[in-house]
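A short worksheet on the structure shown next.
The values are calculated or read from the model by the stated rules, or taken from the named source; none is laboratory data. A quick note: this is a predicted structure, and the numbers were derived from the prediction, not measured. As a convention, Cβ positions derive from the backbone with ideal geometry for all residues, glycine included, and neighbour counts pool all protein chains shown. Side chains are part of the model used for accessible areas, which takes the heavy atoms of the whole protein and leaves out ligands, DNA and RNA. Shrake-Rupley method; radii C 1.70, N 1.55, O 1.52, S 1.80 Å.
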Amino acid sequence: MTLPTETPYEISCQHVWKVFGPHPERIAPMLESNRSKKDILAETGHVVAVKDVSFDVRKGEIFVVMGLSGSGKSTLVRCISRLIEPTKGKILMNGQDVVAMDEKQLRELRRHKISMVFQHFGLFPHRRVLDNVSYGLEIQGVELAKRRERARQILDLVGLSGWERHYPGELSGGMQQRVGIARALAADPEIMLFDEPFSALDPLIRREMQDELIKLEKEMRKTIIFITHDFLEAIKLGHHIAIMKDGEIVQQGTPEELVLHPVNSYVREFTKDVPRAKVLTAGIIAQDNDQLVVLDTDDMGTVLSVMQVKGSTTAFVKGAEGRYLGVLSLEDVAGAKAGQAGVSSMLNNFPVVYSDTKLEELIPLTVTTDAPFPVVDKAHKLLGAVDRTAVMMAVGGKEQAQGNG
């Protein structure tokens, strides 16, 4: 997924702890001593559910927190909304500390800034779909006609137009979850918190809901924290992923970084069966590959000499600020008129590959030719090249990635 650029952190968790027990403040010295959860439980009867967690979430991205049952991920997301009170730490939303908010500020935060979607839909069975979706607006004091109009717009957005008059019990599980998402969206929150919302759904419906969430994120640019225990779901949805174990984040990074460089055996277990072609991108594996690069201001004589010395049959051409312009062939350069200046008139069109292109899309291209494909970013700046060998090595787990992504 393409990550929003040049956006500030909208959420920042700083050294967040959650300890369950009668006197969590009394065991603070033990928390700082790096004692294990097991030792603290045995000695004090307190459970360390979240241990010194820090991460930042950019505005408009999906940040996934994943881990096995009991890893602390659901406790963490409830601390972010203060459904559970954190024991220590700061949780900043646009610079404002949620932990320091009084009841009135917290109520306003939940009404206007954040929404939550849970695994269990929490719909009101006695309310029709339209009134379930408009409930948050009702709490805000929005008049009936306006909130119903907004609810109809959101129902259309999530593909439930025509179901306004039905009750939740008349809908399938997937449709009920869409209602839950629509209810969260109706209040137009800046931040959405999802706690394993698709876990109870059948696999096919689950994939459909994942696709729906990706589409909504692109259209509405919400900042999302998504909790899951499924690594395949995490890499499909997340711009960044944090993996938790025993209340701690053991590694965080992009899906590509986690697959390429797992920090320990725990993370490696999650990544070992991942279809790498669906995760790794051209930008991650782009290399020079000894590919000759020349400038559009170079004269033909110089280019020909360099190509002959390097034994290169092609050369990529860059213009101002590193922009990719096209390809030169040795045949064309050798046939150029003597003294011809510049190479712009000799450029050949050749398909470019954008840095966020998945390897599964590259494979059909590379099997048809041995030639390297130029890799460019969104500004068309040349990053390097990929060829059949680089793609196959990456898919096979033997990449020599430079990490240009």
(request) For region 217-227, just list the computed ³J(HN,Hα) in residue order, Karplus coefficients 6.51, -1.76 and 1.60, θ = phi - 60°, integers in Hz, with x standing in for Gly and Pro. (result) 5, 5, 7, 10, 6, 7, 8, 10, 10, 10, 9
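So if the hydrodynamic radius of the chain is defined as the Kirkwood radius over C-alpha pairs, what does Stokes-Einstein give as its diffusion coefficient at 10 °C and 1.306 mPa s, in µm² per second? Mind showing how you got there, number by number?
Values: Rh = 24.3 Å.
Diffusion coefficient, whole number: 65 µm²/s.
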(request) Heads up, I need the accessible area for His261: 1.4 angstrom probe, whole protein in place, Å², nearest 10. (result) 120 Å²
(message) Taking the Cα of Lys378, stepping 7 Å toward and past its beta carbon, and measuring to each backbone N in region 232-268: which are under 17 Å?
(response) 238-240
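Determine the order of Lys310, Lys245, Lys90, Lys113 by accessible area, beginning with the largest, at a probe radius of 1.4 Å. Walk me through the numbers before you get to the answer.
Working: Lys310 135, Lys245 85, Lys90 105, Lys113 35 Å².
Sorted descending by solvent-accessible area, the residues read Lys310, Lys90, Lys245, Lys113.
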(request) Only helical DSSP H runs with n ≥ 4 go in: add -39500 (n - 2.57) per run for the chain, normalise by residue count and round the 222 nm mean residue ellipticity to 500 deg cm²/dmol. (result) -10000 deg cm²/dmol
(request) With everything on Cα atoms, drop me the angle between helix 173-186 and the longest principal axis of the chain, reported from 0 to 90° to the nearest 10. (result) 90 degrees
(request) List nothing, just return the count: lysine pairs in region 7-66, 8 or more apart or interchain, with Cα separation under 18 Å. (result) 5
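Counting only heavy atoms of the protein chains, get the accessible area per residue of the chain (1.4 Å probe) and round it to a whole Å² value. Could you put the intermediate results ahead of the total?
On the way: 19470 Å² over 405 residues.
The answer is 48 Å² per residue.
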(request) Ignoring everything but the protein chains, give the 1.4 Å probe accessible area of His120 in square angstrom, nearest 10. (result) 140 Å²
(request) Measure nothing fancy, just the Cα-based angle from helix 144-157's long axis to the longest principal axis of the chain, in degrees from 0 to 90, nearest 10. (result) 40 degrees
(request) Run the quick spin-label model on Ser161 and Leu232: label points 7 Å from Cα toward the beta carbon, then report their separation in nm to one decimal. (result) 3.3 nm
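Accessible area, 1.4 Å probe, largest first: how do Phe55, Phe20 sort? Each step should come with its number before you reach the end.
Values: Phe55 5, Phe20 85 Å².
So the residues, ranked largest to smallest area, are Phe20, Phe55.
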(message) Rounded to the nearest 10 Å², what accessible area does Met175 have for a 1.4 Å probe in the complete protein model?
(response) 40 Å²
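Return the carbon/sulfur percentage of the accessible area of the chain, one whole number, probe 1.4 Å, all protein chains in place. Don't skip to the end; give the middle numbers.
Values: 9670 of 19470 Å².
Accessible surface attributable to carbon and sulfur in the chain totals 50 percent.
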